[in-house]
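The values are calculated or read from the model by the stated rules, or taken from the named source; none is laboratory data. Only a predicted model underlies this, so the values are computations on that prediction, with no experimental measurement involved. Heads up, the Cβs are rebuilt from the backbone with ideal geometry, glycines too, and the neighbour counts pull from every protein chain shown.
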Amino acid sequence: MRDVLNLDLYPLDQPGSMAWHSLIERCKADLSENGLFNLPGFVRDSALESAVSELQPAFAEEAFVHARRHNIYFRTSIEGLGSGHPALTQFETSNRTICADQLGQAFVIRLYEWPPFAQFLAAVMEMPKLFVMDDPLARVNVMAYSAGQALNWHFDRSEFTTTLLLQAPSAGGEFEYEKDLRSDDNPNYDGVAELLEGRRKPTLMKLQPGTLNIFKGKNTAHRVSPVQGDRDRMIAVFSFYDRPNVQFTHEERIGFYGRAS
Ligand SMILES: O=C(O)CCC(=O)C(=O)O
Ligand SMILES: [Fe+2]
């Protein structure tokens, strides 16, 4: 991993060391202030090109075109909310997705299965332990966004999301978010409607390739704006849970990947 990851800057391989603890403290502080944190240069520049090129055949030959209209909740109806409520406005999401079972032993899989990675994330999330998924499709996904494609407004179902930007587009494809737009106790439908109607100004985050991002997206609304230009935005998404053996349901696999196995 040392060839690929910048372990001098981010000593994930030395759990328990002073440097490791101080990294964890820094990440925790960022996370509580911003709802996210970034590790720029987590993957060395020299390793990014091959991390991208080893994915190209799968994207060229067997990617699933994930295209659908959805609301911010990814649900057809919300109890207590009239179907015409602006918080239920639908938007278009479109990307090409490849799943873990199409990735062989690509770098993104090796990173996912490298135990210090889960150990680091658990420490930052203040959880006793984190587990990789059992789901052969969902554990690691890589999404590519070409010109005009976007991931539209949504809240995540999981407590936190871990991404690694492998390739940045020449323009657009920015991550936008509104921190704590709702809470576990208050769905704030009017605030959601304001955001979707463009009456709130979300925070914009421009990521450099090689940056690891950890994001608490359950109550923070977020989207990726449409990509512009001829270089795809390519991003890996890693899924960890607080318990072992987690799998997606049949319906979830069909919805996200167009297949169940
Ligand atoms: O592509 C990104 O930067 C965000 C991904 C995301 O929001 C998600 O996977 O839920
Ligand atoms: Fe998300």
message: Show me the strands (runs of 3 or more DSSP E) found entirely inside the stretch 158-220 where at least 2 residues are surrounded by 18 or more Cβ atoms within 10 Å (Cβ to Cβ) and not hydrophobic (A, V, I, L, M, F, W, C).
response: 161-167, 175-178
query: Does Ala47 satisfy the condition of being assigned to a helix (DSSP H, G or I) and in contact with a strand residue (DSSP E or B) (Cβ under 9 Å, 6 or more places away or on another chain)?
result: yes
task: Name every residue in the stretch 14-44 that is buried (at least 16 other Cβ atoms within 10 Å of the Cβ), modelled with pLDDT of 95 or more and among the small types (Gly, Ala, Ser), in order of residue number.
output: Gly41
query: When you look at Ile72, is it under 30 Å from Leu88 (Cα atoms), modelled with pLDDT of 95 or more and β-branched (Val, Ile, Thr), yes or no?
result: yes
field: Exclusive hit being small (Gly, Ala, Ser), without any contact (Cβ under 8 Å) to a residue 24 or more places away in the chain and away from ligand 1 (no atom under 13 Å from the Cβ), set Gly191, Gly229, Gly258, Gly210
entry: Gly191
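A quick yes/no check of all residues on (1) modelled with pLDDT of 95 or more; (2) of a type outside the set (Gly, Ala, Ser); (3) under 18 Å from the mean Cα position of the chain (by Cα):
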{"site": "Ala193", "(1), (2), (3)": "yes, no, no"}
{"site": "Arg199", "(1), (2), (3)": "yes, yes, no"}
{"site": "Pro209", "(1), (2), (3)": "yes, yes, yes"}
{"site": "His222", "(1), (2), (3)": "yes, yes, yes"}
{"site": "Gly258", "(1), (2), (3)": "no, no, no"}
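The rows are residues; the columns are (1) surrounded by 14 or more Cβ atoms within 10 Å (Cβ to Cβ); (2) small (Gly, Ala, Ser); (3) in contact with an Asp or Glu (Cβ under 9 Å, 6 or more places away or on another chain).
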| position | (1), (2), (3) |
| --- | --- |
| Leu12 | yes, no, no |
| Ser46 | no, yes, yes |
| Glu49 | no, no, no |
| Arg69 | no, no, yes |
| Thr76 | no, no, no |
| Glu79 | no, no, no |
| Leu88 | yes, no, no |
| Ala106 | yes, yes, yes |
message: Please verify whether Leu111 is among the aliphatic types (A, V, I, L, M) and either on the phi > 0 side of the Ramachandran plot or outside any helix (DSSP H, G or I) (or both), treating the condition exactly as stated.
response: no
- prompt: Scanning for something assigned to a strand (DSSP E or B), within 30 Å of Leu196 (Cα to Cα), within 11 Å of ligand 1 (Cβ to nearest atom) and modelled with pLDDT of 95 or more, does the stretch 134-142 turn up at least one residue?
  reply: yes
Hits in the stretch 221-237 - residues which are within 15 Å of ligand 2 (Cβ to nearest atom), more than 19 Å from Leu121 (Cβ to Cβ) and surrounded by fewer than 20 Cβ atoms within 10 Å (Cβ to Cβ): Ser225
- prompt: Out of all the residues in the stretch 146-166, which are farther than 19 Å from Phe248 by Cα and near ligand 2 (Cβ under 9 Å from one of its atoms)?
  reply: Leu151
Answer from Glu176, Glu197 - the residue that is in contact (Cβ under 8 Å) with a residue 24 or more places away in the chain and either basic (Lys, Arg) or in contact with a His (Cβ under 7 Å, 6 or more places away or on another chain) (or both): Glu176
